[in-house]
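Accompanying notes for the structure given below.
Taken together, the values in this text are just the output of simple stated rules run on the coordinates, not laboratory data. Note that the structure is predicted; figures quoted are calculated from it, not measured. Cβ coordinates were reconstructed from backbone atoms using ideal geometry, including for glycine residues, and neighbour counts include every protein chain displayed.
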Amino acid sequence: MLQRLTELLNQLRSSDVEEEVIEDIANIINDRKTLLVTNEKTKVAEWLPINEILYVECTRTTKAVITTKTDTYIYVHKEIDIIEMLTQMKNFVVAHSKVLINMDKVLYYDSFKYWAVFSEEFSDSKDLIFTQVYAKFIDSALKPALGKEKDISDMKTLSATKINVLLH
């Protein structure tokens, strides 16, 4: 499989049939359900299972920052548009300008701050995993999918301990 992917990438670099090759690469990635990314801390390339992705922030057309519960990764590829590829998958949606979120991973939302929240615990704000979303996205996607009870904006005056008790 990896050999075939390498062959396709080489073809793409020297090919006039760009769309066909990109489609083949996307199919391999889709079948494998992984992306080749670089770990931001270790600078080591690794295969990241797509289902571990919480959200993706596209900084340029060829670069994206991918956040999981444990790490942050960099995806750089000139030939494959990560936004186009991931939005073809059923659970990834554009939630803000060049931000894609995995709807299966959103646990809460904040309708006051316009956040999609991926953390289970709120005891330490530095460990809070969230990303900015459009206000309309909260009303059209998050509120219907998660329900009003998952809106943590009503809990902003409560202590972290009380929030944890209410949410569990």
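Measure up Lys33/Lys113; Lys113/Lys148; Lys41/Lys113; Lys43/Lys113; Lys33/Lys150; Lys105/Lys143 against 26 Å on the Cα-Cα distance and list the ones that go over. Those over the limit are Lys33/Lys113; Lys41/Lys113; Lys43/Lys113; Lys33/Lys150.
Listed peptides 101-111, 46-56, 66-76 appear in the order 101-111, 46-56, 66-76 once ranked by packing, highest mean of other Cβ atoms within 10 Å at the front. Other residues whose C-beta falls under 14 angstrom from the C-beta of Gln132 contribute a net charge of +1, scoring Lys and Arg +1 and Asp and Glu -1.
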